[in-house]
Amino acid sequence: MAAPWEDVLRNEPAIQEAARVAVDAALLEGVLMRTKGEPNASDVVNYAPFTLLPSAVPSALFEQAYAVQQDFNLLVDAISQNKEFLEHTLASTIKVDDFTARLFRIHKQVLEEGLAQSVFLGINRSDYMFDCGVDGKPALKQIEINTIAASFGGLISRTAAVHGRVLKVLGKSEEASRLLPNNPSKGLALGIAKAWELYGSQSAVVMFLVEEVQRNIFDQRCVENELWNRNIRVIRKRFRDVFEKGSLDDAKRLYMDGQEVAVVYYREGYVPENYNQQNWEARLLLERSRAVKCPDIATQLAGTKKVQQELSRPGTLERLLPGRAEAVTRIRATFAGLYSLDMGEEGDKIAATAIADPDRFVLKPQREGGGNNLYGEELRQVLEKIRDSPERTSYILMDKIKPQPSMNYLLRAHSPLKVSECISELGIFGVYVRQGKEMVMNKATGHLLRTKAIEHADGGVAAGVAVLDTPYLV
């Protein structure tokens, strides 16, 4: 999968000049993050890390990833409405994983009270790598699907322009013209705007639920600006604001500071560290409300690793998507090998296999946000420790994907310019809106390519490991 810049990589003066242009272009285009030193202030900002050159992506696999996104949207939505499936699938996990258990308890409570919410909005990102299997032919394999706080749709909307500038500086104008337009932030905002419209109150606001530390604010502002451009008011609040000032009226309408909230868009709430007792109470208040939650708690549970593993069992997709044989085939073609570590003979066997040959697998906990997976010797040590304990059911095992590395420069503020051997991960953003039982929107709305040096097994851009990239289709 060689990109046509092998000649450039060896030309040091050209690379130095291109890197200077690239950094200025990133600042000019707004590919920005706040600094670690001042994570809640925009007085001093820096460029978000990115590759100097676009990375080669096989066009057939790129098209395959786009083609299956609407199927994944339908699947996530179907899972979120299937209480029995979620209860059965997560039964072993909620015994040993307190975070998943607490989410599930809220889910059950809200269903028992009766859902106040009638409009449902999903913003998903399905992430893939290109596996060079035994025959060396790359294949698209899904890593995970993110159903809450799927980020970088904003900054990646501005990254292709930076790479276009770099290619032109390097004398590759024709190649620059082949970079694909990409604007996920517009697509994400379209989904939020549709949900806001269907909620049916012109004066109601969209609430971004945000973290205490907000380094990645500009990514969110890209989506926010698209909403303001449609004259939709946006407020930014944290869980503690909801706990202190949030309320429901008799019709379960949600109010913040006296303003009715139509849509709650979560950019927070996906890891245990996001919660204390107050925050759990705030989450319950939000879930009980009529406001459109993106995601509602059932959709967040649909994105757990345990659900991902259960989907790979024969017959599961057919039960969840009856009468959609073609969608089932497209989805299944992207699955890597996924294995249960539930207590019993099947789990015992796969645990023993992984301990004997840890480099074949990845051990995944039920966590979002990157940087949680275990590999190699670390995987073996953890599995040996928990192999006879129910704690192992809070993990799943997945076949390790082996992509073909390529050479690139990873640009990070205050870091030396050096060439690295890299691998990439492709994410496709999907948006859907359902009103009652009717699907009123279902789209693939853009892509996110992230690239990292091969010495880093795990972690995304926010975790400080991967950098933003643009696909160059080959």
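Could you let me know the centre-to-centre spacing of segment 169-229 and segment 302-379, using Cα atoms, in angstrom?
That distance is 31 Å.
Can you tell which of V162, Q309, A60 lies farthest toward the positive end of the dipole of the chain, using +1 and -1 charges on the Cβ of basic and acidic side chains (Lys, Arg; Asp, Glu)?
Farthest along the dipole direction, towards plus: V162.
Within segment 191-308, what percent of beta bridges assigned by DSSP are antiparallel, to the nearest 5? Don't jump to the answer; show the numbers that get you there.
Values: 6 of 18 bridges.
Restricted to segment 191-308, the bridges split so that about 35 percent are antiparallel.
How high is the FRET efficiency from D98 to L284, r the C-beta distance, R0 22 Å, rounded to 0.05?
Numbers: r = 16 Å, r/R0 = 0.72.
Efficiency computed from Cβ-Cβ geometry: 0.90.
Report the local net charge at Q64: Lys and Arg +1, Asp and Glu -1, summed over other residues whose C-beta lies under 12 Å from its C-beta. Spell out each step's value before the answer.
Details: positive: K141, R330; negative: E63, D71.
Net local charge, Q64 excluded: 0.
Are there trypsin sites (Lys or Arg not before Pro) in segment 243-298 that DSSP marks as loop and that have at most 16 other Cβ atoms within 10 Å, and which are they? Before the final figure, lay out the partial values.
Working: sites: K245, K252, R253, R267, R283, R288, R290, K293; in loops: K252, R253, R267, R290.
Passing sites in segment 243-298 are K252.
Using helices alone, what [θ] at 222 nm do you get for the chain, with -39,500 (n - 2.57) per DSSP H run of 4 or more residues, divided over all residues and rounded to the nearest 500? Mind dumping the intermediate values first?
Values: 18 runs with 185 residues, N = 474.
Dividing the helical sum by the residues of the chain leaves -11500 deg cm²/dmol.
With a cap of 16 neighbouring Cβ atoms within 10 Å, and only residues DSSP puts in a loop, list the trypsin sites (Lys or Arg not before Pro) found in segment 1-109. Before the final figure, lay out each step's value.
Details: sites: R10, R20, R34, K36, K83, K95, R102, R105, K108; in loops: R10, K36.
For trypsin sites (Lys or Arg not before Pro) across segment 1-109 that sit outside H, G, I, E and B with at most 16 neighbouring Cβ atoms in 10 Å, the list reads R10, K36.
With no solvent and one equal point scatterer per Cα, compute the Debye intensity ratio I(q)/I(0) for segment 21-143 at 0.21 Å⁻¹ and report its log10, rounded to two decimals.
-1.12
In whole Hz, with x marking every Gly and Pro, tabulate ³J(HN,Hα) for segment 198-204 from phi via Karplus 6.51 cos²θ - 1.76 cosθ + 1.60, θ = phi - 60°.
Residue by residue, segment 198-204 yields 5, 4, x, 9, 4, 8, 6 Hz.
Can you compute the charge dipole magnitude of the chain about its Cα centre, using +1 on each Lys and Arg Cβ and -1 on each Asp and Glu Cβ, nothing else charged? Give it in debye, rounded to the nearest 20.
Working: 59 positive and 62 negative charges, 158 e Å.
That gives the chain a dipole magnitude of about 760 debye.
For segment 73-199, go through all pairs of different Cα atoms, get the mean of 1/r, take its inverse, and jot down that Kirkwood value in Å. Before the final figure, lay out each step's value.
Values: mean 1/r = 0.0535 Å⁻¹.
When all Cα pairs of segment 73-199 are included, the Kirkwood radius is 18.7 Å.
Using a 1.4 Å probe, what is the accessible area per residue for the chain, in Å²?
Working: 19390 Å² over 474 residues.
Per residue, the chain has an accessible area of 41 Å².
Amide H of G446: which non-local residues (sequence gap of 5 or more, or other chain) have their own amide H closer than 5 Å, using H built in the peptide plane?
F429
What are the lysines whose alpha-carbon lies under 23 Å from the alpha-carbon of K172, with same-chain residues fewer than 8 places away excluded?
Excluding near neighbours in sequence, the set is K418.
What is the spread of the Cα atoms of segment 337-400 along each of their three principal axes, largest first, in whole Å?
31, 23, 21
Once the other residues with Cβ under 12 Å from the Cβ of R215 are scored (Lys, Arg +1; Asp, Glu -1), what is the net sum?
Numbers: positive: R34, K36, R267; negative: E38, E211, E212, D219.
Taking every other residue near R215 into account, the sum is -1.
Would you please give the residues with an amide H less than 5 Å from that of C132, counting only those at least 5 places away or on a separate chain, with H modeled from the backbone geometry?
Amide H neighbours of C132, under 5 Å, 5+ apart: A139, K402, Q404.
Taking R0 as 51 Å, what FRET efficiency do you get between H88 and R20 from their Cβ-Cβ distance, rounded to the nearest 0.05? Before the final figure, lay out each step's value.
Details: r = 57 Å, r/R0 = 1.11.
With R0 = 51 Å, the Cβ-Cβ based efficiency is 0.35.
Just to check I understand the Karplus step: with θ = phi - 60° and J = 6.51 cos²θ - 1.76 cosθ + 1.60, what whole-Hz values come out for segment 98-106, glycine and proline as x?
These are the phi-based 3J(HN,Hα) values: 5, 4, 4, 4, 5, 4, 5, 5, 5 Hz.
Looking at the chain only, what percent of DSSP beta bridges run antiparallel? Nearest 5 please. Walk me through the numbers before you get to the answer.
On the way: 60 of 76 bridges.
In the chain, DSSP labels about 80 percent of beta bridges as antiparallel.
Please list, or write none, the lysines whose alpha carbon is within less than 21 Å of the alpha carbon of K443, excluding same-chain residues fewer than 8 places away.
Result set, ordered by chain and number: K141, K186, K194, K293.
Kirkwood hydrodynamic radius, computed over distinct alpha-carbon pairs, for the chain: how many Å, to one decimal? Spell out each step's value before the answer.
Details: mean 1/r = 0.0433 Å⁻¹.
Averaging 1/r across every pair of different Cα atoms and inverting gives 23.1 Å.
The values are calculated or read from the model by the stated rules, or taken from the named source; none is laboratory data. It should be emphasised that the depicted structure is a prediction, and the values quoted were computed from it without experimental measurement. All Cβ positions, even for glycine, are placed from backbone atoms using ideal geometry, and neighbour counts span all protein chains on display. Accessible surface is based on the protein model in full, side chains and every heavy atom, while ligands, DNA and RNA are left aside. Shrake-Rupley method; radii C 1.70, N 1.55, O 1.52, S 1.80 Å.
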